[in-house]
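The values are calculated or read from the model by the stated rules, or taken from the named source; none is laboratory data. Bear in mind the structure is a predicted one, so any value in this text is a computation, not a measurement. Here the Cβ positions follow ideal geometry from the backbone for every residue, glycine too, while neighbour counts run over all protein chains shown. SASA here: full protein model, heavy atoms, side chains in, ligands and nucleic acids out. Shrake-Rupley method; radii C 1.70, N 1.55, O 1.52, S 1.80 Å.
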Amino acid sequence: MSDAVRFPLVLGIVSVIAAAVLAYLYGVTKPEIDKRQKEKDALAEKIALPDAVSTEAKGAYKEGRDAEGKLVGYLARGAAYGYSSEIAVLVGIRPDLRIASIQVLSEKETPGLGTRIEEAPVRETWTDRLAGIFGRRAQAAQASSEPDRALFQVQFDGLSKDDLRLARDGGKIQAISGATITSKAVLAAVQQAVAAVEEALSPRQGS
Amino acid sequence: MRLEVLRRTPRRRRILAALFVLTLIAIAMWRRGCRDLPRRDHTFIAMGGIPITVSIWGRGEEEFAADVAAAIALVERLESLLSDYRPESEISRINRAAAGEEIPIGDDVTRILKLARRIHDETGGAFDAASGALFRLWKRAERVPEGPDLARIRAACGLTHFRIDEDRRTVVKDAADAALDLGGIAKGYMADRVLEILRARGVRRALVAIAGDIAGFGGDPPFTIGIRDPRGRPRDVIGTVPLAAGAISTSGAYERFIEIGGVRYGHIIDPRSGRPTAGPLSASILAPEGAIADALATAVFVLGPDEGLRAARAAGAEALVIAEGPEGGLRFLATEGFRFERSPGPGGR
């Protein structure tokens with residue numbers, strides 16, 4: 001085999017392995033990420049329509065009812081693209097279709113607004129799982145007085161933020177001073193959400 | 001070169017080592033966030049499109065939901081008092097009132113007007129919460145405002161037209177068309193008030209960001225706040241500053257100009273002259289209170305680096321001014337206590 005064939009071949013094999021590892025890691029972290037997002041969304045719904053004791057999905061939106069079953073409002077989602085990000089909102093809408101509140105579900109590329117630097121300890125992370133695969137979880141838990149911690153984290157505890165910095169956003173920035181998301185994007189997202197409820201309700205109101 | 005050789009070459013080992021280190025760094029970043037108290041955050045929209053993010057550490061889900069609900073209720077109440085879009089707000093009532101009429105005001109408007117007046121006086125009028133008409137005049141003008149037009153508007157502007165009577169809890173103005181516009185102080189004030197109620201509810205560590213006006217308490221370890229790159233996109237950060245307590249606000253041009261007939265006349269109106277001024281690229285203020293940081297950021301932006309830094313120091317605040325430097329570069333001017341740290345990468349030119 002000539003070098004011209006050999007090098008691309010080696011590179012190709014390495015790429016395939018890397019892709020497989022990434023796909024696997026995505027697979028094991030995805031359920032955790034989804035679970036967190038669900039919890040966050042449930043919280044946003046509770047805040048968007050505080051009077052609602054129960055909600056019922058009605059296609060594009062949800063109906064919220066109080067303990068007596070009286071309609072207290074609607075919940076609808078909307079999304080729009082801003083200057084460099086996508087914003088997703090949850091709008092609480094009163095029965096008379098006035099807006100009760102606007103909660104932001106997510107905004108991409110935005111350290112600060114809607115950033116998920118979740119600092120709650122997670123029972124099982126993919127590092128734990130990896131450790132488990134290598135049969136070292138029990139050992140790791142014994143070795144550390146804090147069983148929530150992953151295997152490698154302890155080694156990095158002593159480093160300052162400067163040692164581990166993302167080039168663009170400074171690693172662990174908690175908010176940005178001077179930044180604003182475009183209110184146009186917010187408005188578009190909210191209009192979309194309200195329109196979804198209006199459209200769904202209009203035939204019933206007309207009859 | 002044969003494959004066997006490739007396998008043994010030190011370069012391959014170096015690459016492997018580099019990959020290993022990169023993996024470790026990735027894992028460390030993944031887990032880094034778990035060192036502090038558990039944090040929860042929630043963003044909602046108020047005031048017709050302004051995002052408010054409340055971050056609270058060390059609260060359970062139920063407590064957090066109640067904290068956020070209290071914050072939303074407070075912001076709604078403050079908006080109903082302070083917004084000049086709401087006809088029944090205290091601010092709208094003041095703006096509609098005749099000269100000499102006594103208008104009753106509550107605690108919040110009293111506090112905010114006192115703070116506004118303090119920053120107005122400390123900055124020689126570079127911050128003026130009663131100069132909205134000047135801004136609108138220039139913003140809407142089809143030709144450059146001059147002579148009587150400008151003079152008439154200028155005469156109605158100025159916080160000095162308002163007199164607060166704290167005992168009677170009233171405000172009186174001496175010109176009917178004098179009007180308040182709290183855009184340069186209300187967001188910072190709201191952040192202060194949200195923190196107040198969170199503290200009263202037993203929260204030990206919290207950060208509130210109302211658009212780019214940020215305030216926090218329980219900053220041990222300090223919060224890391226990014227400063228927006230004044231020439232970048234909204235989320236580009238040019239550097240960071242630690243915030244242990246108090247507030248930070250940034251006022252910037254962000255490519256906005258007052259433009260009349262295709263000619264650019266600067267970024268911001270100087271309330272002292274009634275005319276647009278170029279200003280630096282941005283001004284950031286660290287202050288004990290959000291309202292002060294918010295108002296001072298506007299003032300320092302109007303004043304520019306030299307006068308601005310002096311004014312900030314005199315007001316007991318720390319400031320960072322980012323201005324255009326030679327050859328398209330940037331100049332960073334800061335007071336001693338502003339521990340700005342430049343980010344590497346494209347944002348940190």
Between B:R86 and B:E336, Cβ-based FRET efficiency (R0 56 Å, step 0.05) works out to 0.85
Trypsin sites (Lys or Arg not before Pro) in the range B:221-261 lying in a DSSP loop, each with at most 11 other Cβ atoms within 10 Å of its Cβ, come to B:R256
Under the 7 Å Cα-to-Cβ spin-label approximation, A:Q37 and A:S15 lie apart by a distance in nanometres of 2.8
Mean Cβ-within-10 Å packing, highest first, puts peptides B:57-65, A:184-192, A:70-78 in the order A:70-78, A:184-192, B:57-65
Stretched fully, the stretch from B:D306 through B:D177 gains (0.36 nm per residue minus C-alpha distance, one decimal, in nm) 43.0 nm
In degrees, nearest 10, the alpha-carbon axis of helix B:107-122 is tilted away from the dominant principal axis of the alpha carbons of chain B by 80
With label points set 7 Å from each Cα along the Cα-to-Cβ direction at B:A18 and B:E259, the distance between them in nm comes to 4.5
Rounded to the nearest 100 Å², the accessible area hidden between A and B, summed over both chains at a 1.4 Å probe radius, is 5900
Output field shielding_mean for A:40-49 (other chain Cβ, 10 Å radius) holds 3
So, for the Cα atoms of chain B, Rg and Dmax in Å stand at 23.9, 95
Computed over chain B, the relative contact order (Cα-Cα under 8 Å, seq sep at least six) in percent reads 15
Once the in-chain neighbours fewer than 8 apart are removed, the aspartates and glutamates whose Cα is under 12 Å from B:K187 read B:E79, B:D213, B:E289, B:D294
Violations at 28 Å Cα threshold for listed pairs A:K172/B:K114; A:K40/B:K114; A:K35/A:K62; A:K58/A:K172; A:K62/A:K184 -> A:K172/B:K114; A:K40/B:K114; A:K58/A:K172
